[in-house]
Amino acid sequence: MATLEVRDLHVSVDADGQSRQILRGVDLTVKAGQTHAIMGPNGSGKSTLAYSIAGHPKYTVDSGSITLDGEDVLAMSVDERARAGMFLAMQYPVEIPGVSVSNFLRTAATAIRGEAPKLRTWVKEVRESMDLLSMDPAFAERNVNEGFSGGEKKRHEILQMELLKPKIALLDEIDSGLDVDALRYVSEGVNRLAATGETGLLLITHYTRILRYIEPDFVHVFVDGVIAASGGKDLAQELEASGYEKYQKLDSPA
Amino acid sequence: MTQTTHEHVSSLIGSYDPDDFPVPSGREEQWRFTPLKQLRGLVDGSAAASNTMTIAVDAPAGVRTEQVSSSDERARILPGPTDRAAALAASRTSNVTVVTIEQDVVLTEPVWIRCTGANSVSATFQHIVIDVKPLAQAVIVIDRSGSVCLSDLVDVRVADGAQVTVVSLQDWASDSVHLGQQRHLIGRDVSCTSVVITLGGQVVRLVPTVVYDAPGGSAHMFGLFFAREGQFFEHRLFVDHAVPNCTSRVTYKGALQGTENHPSHTVWIGDVLIRSQAVGTDTYEINRNLVLTDHARADSVPNLEIETGEVAGAGHASATGRFDDEQLFYLQARGITAEEARRLVVRGFFHEILQQIGIEQLQARLVARVEGELEGHGV
Ligand SMILES: Nc1ncnc2c1ncn2[C@@H]1O[C@H](COP(=O)(O)OP(=O)(O)O)[C@@H](O)[C@H]1O
Ligand SMILES: [Mg+2]
């Protein structure tokens with residue numbers, strides 16, 4: 001069973017030549033089969049946490065550790081982390097001009113699986129996954145994220161996740177900007193993967209709306225670069241009713 | 001020589017006498033991007049002609065290949081060039097290679113013209129004439145490699161109803177300088193495709209031009225260039241719509257990478273002129289550049305000039321994009337290594353052009369060459 005462990009993680013980001021501390025000691029353990037929700041106000045550092053785990057070069061880990069099944073994730077390059085079983089569904093997926101979705105998916109699957117998937121079963125696999133997400137087959141011939149609507153981008157992220165079957169999936173605001181239909185398809189995709197019990201999910205969100213579709217085992221309140229409180233799914237309901245204020249006051253910056 | 005009314009565009013009406021053209025100073029619109037100091041006397045004419053580059057034509061039946069003197073009428077099937085470099089090429093060549101595709105001949109194999117440079121110290125001036133007779137169909141590959149200091153002129157005359165594709169490949173060694181002009185004069189209902197691929201050389205400046213001789217012609221001009229550390233590639237197109245009801249499509253794509261000490265620079269100019277009599281013209285030109293690193297500069301200047309109100313369509317586009325850290329991160333986050341990510345992007349970017357070649361073996365060679373260019377690039 002895969003386990004992601006984040007210990008006392010301190011991360012800073014370089015902004016205009018100045019280093020700014022964002023994460024101030026994050027502790028988190030995500031195991032395969034679990035679904036964790038991280039909820040917090042805008043600017044609290046949720047994306048920073050996701051990017052730091054995935055290895056984005058803009059973020060500097062000042063101290064602390066990240067391990068996947070005991071392996072030092074911080075020592076790995078971005079692509080090594082992905083091949084080790086980590087997946088980040090991005091809040092803002094970027095356009096890759098000239099690279100078709102089908103070519104991209106196949107290249108990624110080849111990299112993650114260590115060998116090129118057999119063409120015939122692969123085509124079927126992609127078609128079925130797209131079907132489940134209600135994506136038009138013509139989508140596969142478009143360039144990655146080029147001219148995609150917000151909903152298409154997020155479905156495409158979930159499509160990748162379902163095909164790559166990661167050990168740990170970080171979903172950064174997969175719900176933002178989605179209409180109800182798209183939210184339902186995206187949530188069903190997440191639930192399919194969760195149901196396998198093979199993947200640990202970290203659902204990062206600003207709103208409680210998606211938690212009506214995806215039931216978390218754990219909820220963490222993220223404020224000012226730390227986890228201010230953790231609990232079960234009841235915590236999400238409490239947040240919906242009373243917001244983050246209580247936690248922000250508790251954690252006023254030193 | 002006859003002066004055109006459009007100072008910034010060339011025209012096919014010119015002269016075979018180099019002395020009809022002033023030596024460029026670098027201030028002229030046509031030469032303002034070109035590093036004249038690196039041209040080793042090819043344009044001012046101070047370079048001694050040693051003509052050491054070899055040329056070999058490999059052609060199937062139905063094709064006539066001749067070597068004629070530059071004063072022979074077979075060497076002068078097009079009006080004089082409008083460019084001093086091209087006039088020098090035509091007048092200082094030791095002989096002119098004339099390739100004729102006979103009337104009604106439909107070739108199933110390409111005509112292969114191999115130009116192999118021996119060194120980049122002594123200058124070669126060269127003139128190739130390709131004469132495609134009515135209703136013939138042919139693919140011609142001009143396959144250039146080795147080290148050169150070369151100024152050349154390629155004249156392609158495509159007679160009524162013929163269909164021709166000319167692939168010109170610049171795969172020069174890195175010390176090479178090449179100034180080239182490739183002119184296409186196309187007749188009634190002709191379909192003419194040009195694919196220009198520039199991968200090697202220190203300074204390469206090419207001027208592909210199209211002039212329509214009769215209505216109904218269509219020209220497809222494709223180009224691919226990949227400038228690496230220290231390379232300067234300029235592609236300066238001119239499409240002259242002088243008769244009604246012709247079509248042109250220009251699609252050029254360039255990739256660039258450079259370093260602080262060895263920057264790269266590419267220039268694409270797309271001059272399309274629709275003259276007042278050229279009603280019913282349909283034209284579209286596009287240049288896209290993909291900048292892979294810092295220290296790489298892509299100049300892109302589409303220039304569409306319309307003198308008639310009755311066009312069927314006229315448009316242009318130009319875009320230079322950067323393969324940036326965010327794209328790299330996205331691909332790496334899907335398990336793809338940085339090198340593979342760059343290959344994926346460049347392969348995807350150039351696919352549209354390479355698929356136009358239609359010669360599988362050459363296409364595979366070029367894909368490998370392009371990917372080879374990417375190697376050794378530090379991440
Ligand atoms: N790449 C970056 N450059 C500069 N500042 C950043 C960058 N990423 C995050 N920040 C800053 O760090 C803080 C946390 O941002 P983020 O992690 O995106 O928060 P969230 O995802 O919770 O909204 C914000 O103040 C933001 O401005
Ligand atoms: Mg965020």
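Only the coordinates and a few stated rules stand behind these numbers; no lab work does. A quick note: this is a predicted structure, and the numbers were derived from the prediction, not measured. Counting neighbours? That spans all protein chains shown, and the Cβs are built from the backbone with ideal geometry, glycine included.
Assess whether B:F233 counts as being over 20 Å from B:T308 (Cα atoms), hydrophobic (A, V, I, L, M, F, W, C) and touching a residue at least 24 places away in the same chain (Cβ under 8 Å). Here the answer is yes, as B:F233 does meet what is asked.
Among the candidates A:F218, A:F222, the residue that is closer than 18 Å to A:V30 by Cα, more than 16 Å from ligand 2 (Cβ to nearest atom) and hydrophobic (A, V, I, L, M, F, W, C) is uniquely A:F218. For segment B:350-375, enumerate the residues that are under 30 Å from A:S52 (Cα atoms) and not aliphatic (A, V, I, L, M). The one that is under 30 Å from A:S52 (Cα atoms) and not aliphatic (A, V, I, L, M): B:E375.
Only one entry in B:I77, B:I55, B:I101, B:I140 is in contact (Cβ under 8 Å) with a residue 24 or more places away in the chain and touching a Cys at 6+ places or on another chain (Cβ under 7 Å), namely B:I55.
For segment A:46-102, filtering for residues that are within 14 Å of the chain's Cα centre (by Cα) and of a type in the set (S, T, Y) leaves 5. Scanning segment A:60-80 for residues that are charged (D, E, K, R) and more than 8 Å from chain B (Cβ to nearest Cβ) returns A:D62, A:D69, A:E71, A:D72, A:E80. Being charged (D, E, K, R), closer than 27 Å to B:D324 by Cα and more than 12 Å from chain B (Cβ to nearest Cβ) is a condition met by at least one residue of segment A:145-152. From the list A:V26, A:V13, A:V30, the one residue that fits, being assigned to a strand (DSSP E or B), among the hydrophobic types (A, V, I, L, M, F, W, C) and within 13 Å of ligand 2 (Cβ to nearest atom), is A:V13.
The set of residues in segment A:96-133 being under 30 Å from A:L49 (Cα atoms), of a type outside the set (V, I, T) and within 8 Å of chain B (Cβ to nearest Cβ) consists of A:P97, A:S100, A:N103, A:F104, A:A108, A:A111. Of all residues in segment B:320-379, those satisfying the criterion of being surrounded by fewer than 20 Cβ atoms within 10 Å (Cβ to Cβ), farther than 25 Å from B:R249 by Cα and at the interface with another protein chain (Cβ under 9 Å from one of its Cβ atoms) are B:D324, B:D325, B:E326, B:T337, B:A338, B:E340. The set of residues in segment B:288-311 that are away from chain A (no Cβ under 14 Å) and within 23 Å of B:E29 (Cβ to Cβ) comprises B:R297, B:A298, B:D299, B:S300, B:V301, B:P302, B:N303, B:L304, B:E305, B:I306, B:E307.
Results for (1) over 23 Å from B:R64 (Cβ atoms); (2) charged (D, E, K, R), shown as yes or no for each residue.
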residue	(1), (2)
B:Q137	no, no
B:I140	no, no
B:D143	no, yes
B:S147	yes, no
B:L150	yes, no
B:V154	no, no
B:R157	no, yes
B:S168	no, no
B:Q181	yes, no
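The condition (being on the phi < 0 side of the Ramachandran plot, of a type in the set (K, R) and more than 16 Å from ligand 1 (Cβ to nearest atom)) is satisfied by just one residue among A:K153, A:K165: A:K153.
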